[in-house]
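Here the structure is laid out as structure tokens; the discussion comes afterwards.
The values are calculated or read from the model by the stated rules, or taken from the named source; none is laboratory data. What you see is a predicted model; the values in this text were computed from it and never measured. Here Cβ is always computed from backbone atoms with ideal geometry, including for glycine, and neighbour counts include all displayed protein chains. Please note that ligands, DNA and RNA were not included when accessible areas were found on the heavy atoms of the full protein model with its side chains. Shrake-Rupley method; radii C 1.70, N 1.55, O 1.52, S 1.80 Å.
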Amino acid sequence: MAHTKVQMSHLTASTMREVAARNPVILLPLGSFEDQGPHMPMGDYLLADAMAERIAQQATQNGLETYVAPVLPFGGADYFGYMPGGIALSQTTFQAVLTDMLTGLLRHGLTRLIILNGHGGNCTMIHDVTHALWRQNNVVIPSFYLWRVAASLMPQTMDAEVAGRSGGHGANPLTSIGMFLKPELVDNAKIPTQSYEKTAWGLKVLDFGTVDLNGVPVSIPLEGDSTATQGVGRGNPALCNAADGKILTQKLVDYGVQLVAHVMQQSALR
């Protein structure tokens, strides 16, 4: 694939003025800076940004002019305040920042916007912000939650047992995708060799902030150090690999390009 310049941060101001006049699709990658397990870089925003670059490159190669806005590296605070060095935005701050970022693009007629989200703690505020902007501007801004989509694709792309045992925070799909996209940042020597079972508040932990009450999930307000081990929730990171990451990455790119095409199509109908 021939490389084209798709990062908005790499464009000159004069080029950006020309680009804006054509109203291309703009991808806005969001991530986080938190505990991703003992083996993964804290900056998972790097993977969201890399995925946005690949989607924009492929879409542009397909004749769908697409650019990537600067990634927001800090996500909305949720379960990871325990992590030394971690940086997160309060939910109200994240809401304000996202509103300003999207409004800054919309005010110049850039209406073909797609959020590529890489952090679960962003989901509620993404909905609130995009819903408010839809009511104000009658512009639909879709959000594509990268890792949730990848998790839904795992049963189709890898061995069923591996898919069932490796999924979770600090494991699949993010670790496999990281092994493919950023192998130099993954510390293979620190990959846990087993999945963990943990209890919190006297009950078995199902996931971050969620425990099992006789088969029924119950949410509790505890941070990740109480409901995970070394940043790993459900899933065995030792089952992750770059080969699966490559397949998941290509699937995400394919669906991302389809979403770009749909945004272009819907915009043309207005």
query: Which percentage, to the nearest 5, of the DSSP beta bridges contained in the chain is antiparallel?
result: 45
query: If you roll a 1.4 Å probe over the chain with all protein chains in place, what percent of the accessible area is carbon or sulfur?
result: 54
- line: Rounded to two decimals, the Rg over Rh value of region 66-145 from Cα coordinates and the Kirkwood Rh reads 0.98
query: So if we plug the beta-carbon distance of ALA96 and GLU223 into 1/(1 + (r/R0)^6) with R0 = 25 Å, what FRET efficiency do we get, rounded to 0.05?
result: 0.60
task: Report the accessible area of LYS204, computed with a 1.4 Å probe over the heavy atoms of all protein chains in place, in Å² rounded to the nearest 10.
output: 110
- request: Can you tell me the 0 to 90 degree angle between the C-alpha axis of helix 123-137 and the longest principal axis of the chain, rounded to 10?
  value: 20
- request: Quick one: angle between helix 242-269 and the longest Cα principal axis of the chain, in degrees between 0 and 90, rounded to 10, please.
  value: 40
query: Which Cα, out of THR66, PRO183, MET158, lies furthest along the positive dipole direction of region 37-183 (beta carbon charges, K/R +1, D/E -1)?
result: THR66
statement: For region 148-161, Karplus-derived ³J(HN,Hα) couplings (6.51, -1.76, 1.60; θ = phi - 60°; whole Hz; x for glycine and proline) come out as 5, 4, 4, 4, 5, 8, 4, x, 8, 10, 8, 3, 4, 5
query: Ordered by residue, what ³J(HN,Hα) values in Hz, to whole numbers, does region 206-214 give under the Karplus form 6.51 cos²θ - 1.76 cosθ + 1.60, where θ = phi - 60° and Gly and Pro are x?
result: 9, 6, 4, x, 9, 10, 9, 9, 6
task: Please calculate how many Å² of accessible area the chain carries per residue, with a 1.4 Å probe and no DNA, RNA or ligand atoms counted.
output: 48
query: Accessible surface of PHE80 in the full protein assembly, 1.4 angstrom probe, to the nearest 10 Å²?
result: 20
- prompt: Using θ = phi - 60° and the Karplus form 6.51 cos²θ - 1.76 cosθ + 1.60, what ³J(HN,Hα) does each residue of region 39-45 get, whole Hz, x for Gly and Pro?
  reply: 9, 9, x, 5, x, 6, 4
message: Stokes-Einstein diffusion coefficient for the chain at 10 °C in a medium of 1.306 mPa s, Rh from the Kirkwood formula over Cα pairs: what value in µm²/s?
response: 82
